1. Please work out which one of (1) modelled with pLDDT under 95; (2) within 17 Å of the chain's Cα centre (by Cα); (3) not acidic (Asp, Glu) is the condition LYS52 fails and give its number.
2. Examine the range 23-41 for a residue that is surrounded by 14 or more Cβ atoms within 10 Å (Cβ to Cβ), more than 18 Å from the chain's Cα centre (by Cα) and either at pLDDT 90 or above or not aromatic (Phe, Trp, Tyr) (or both), and state whether such a residue exists.
3. For ASP86, state whether it is modelled with pLDDT of 90 or more, surrounded by 14 or more Cβ atoms within 10 Å (Cβ to Cβ), of a type in the set (Asp, Glu) and within 28 Å of LYS126 (Cβ to Cβ).
4. Would you please name the residue that is surrounded by the fewest Cβ atoms within 10 Å (Cβ to Cβ), looking only at residues in the range 94-121 that are in a helix (DSSP H, G or I) and in contact (Cβ under 8 Å) with a residue 40 or more places away in the chain?
5. Name the residues in the range 34-70 that are in contact (Cβ under 8 Å) with a residue 60 or more places away in the chain, in a helix (DSSP H, G or I) and out of contact with any strand residue (DSSP E or B) (no Cβ under 7 Å at 6 or more places or on another chain), would you?
6. Being at pLDDT below 95, touching a helix residue (DSSP H, G or I) at 6+ places or on another chain (Cβ under 9 Å) and aromatic (Phe, Trp, Tyr), is that true of even one residue in the range 117-135?
7. Would you confirm whether any residue within the range 127-139 is free of Cβ contacts under 8 Å to residues at least 40 places away in the same chain and touching a Lys or Arg at 6+ places or on another chain (Cβ under 9 Å)?
8. What pairs come out if I take residues in the range 71-87 that are in contact (Cβ under 8 Å) with a residue 24 or more places away in the chain and within 15 Å of LEU112 (Cα to Cα) and pair them with residues that are among the small types (Gly, Ala, Ser) and part of a helix (DSSP H, G or I) whose C-beta lies under 8 Å away, six or more apart or interchain?
Amino acid sequence: MQDNIYSEKQSTDAKLIYTIGFLWNDINDKIDKTLKPYDLNSAKFNILMIIKHVGKDEGVQQNFISDKLLVTPSNITKMLDKLEADELITRNDKKNDRRVKIIKITKKGIELLDKVWVEYKETINKLSPKISEKAKENLLSSLIEWQKNI
């Protein structure tokens, strides 16, 4: 990122928000490059992770995934359609309420996540800045405090 993208007139708050946005774009691009050979992107990967680790054997409701990923219901439906077509998930009606869909990860989906995990974790570790653990903890604490106050 270039230093000259900010004007002197911008507030520190504006610069901070822009920097976080640019940082997220850079991180997401690197993660997507890691996932692309597996026909995944960060959104699909995160959906599968939620289903596997939160839903476990019981599965998870479609609207829960949408809420956790801050994705509109129509967009989550499109992503789930693709994951289902790739046989990575199944969707079934909830007992006594056909309006609610229960999403479960398939064996193929679990195997894909297991295959991707090592490379994904390596990418995340490479993206971590070469700053002290204390500095990282302070940054994390500040960001959490900021999020709580929004």
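1. Failed condition: (1).
2. no
3. Values: modelled with pLDDT of 90 or more: yes; surrounded by 14 or more Cβ atoms within 10 Å (Cβ to Cβ): yes; of a type in the set (Asp, Glu): yes; within 28 Å of LYS126 (Cβ to Cβ): yes.
Yes: the conditions hold for ASP86.
4. Quick first cut of the range 94-121, residues in a helix (DSSP H, G or I) only: 107-121.
Narrowing further to those that are in contact (Cβ under 8 Å) with a residue 40 or more places away in the chain: 109-110, 112-113, 115-116, 119-120.
Working: GLY109: 20, ILE110: 14, LEU112: 21, LEU113: 20, LYS115: 11, VAL116: 17, GLU119: 13, TYR120: 19.
For the range 94-121, the residue satisfying everything is LYS115.
5. Restricting attention to the range 34-70, the residues satisfying the condition of being in contact (Cβ under 8 Å) with a residue 60 or more places away in the chain are 34-35, 38, 40, 45, 48-49, 52.
Right, trim to in a helix (DSSP H, G or I) and you get 34-35, 38, 45, 48-49, 52.
Hits for the range 34-70 are THR34, LEU35, TYR38, PHE45, MET49.
6. No, every residue in the range 117-135 fails to be at pLDDT below 95, touching a helix residue (DSSP H, G or I) at 6+ places or on another chain (Cβ under 9 Å) and aromatic (Phe, Trp, Tyr).
7. yes
8. LEU83/GLY109
The values are calculated or read from the model by the stated rules, or taken from the named source; none is laboratory data. Treat the numbers as computed from the prediction; the structure is a model and nothing was measured. With ideal geometry, Cβ positions are generated from the backbone for all residues, glycine too; neighbour counts draw on all protein chains shown.
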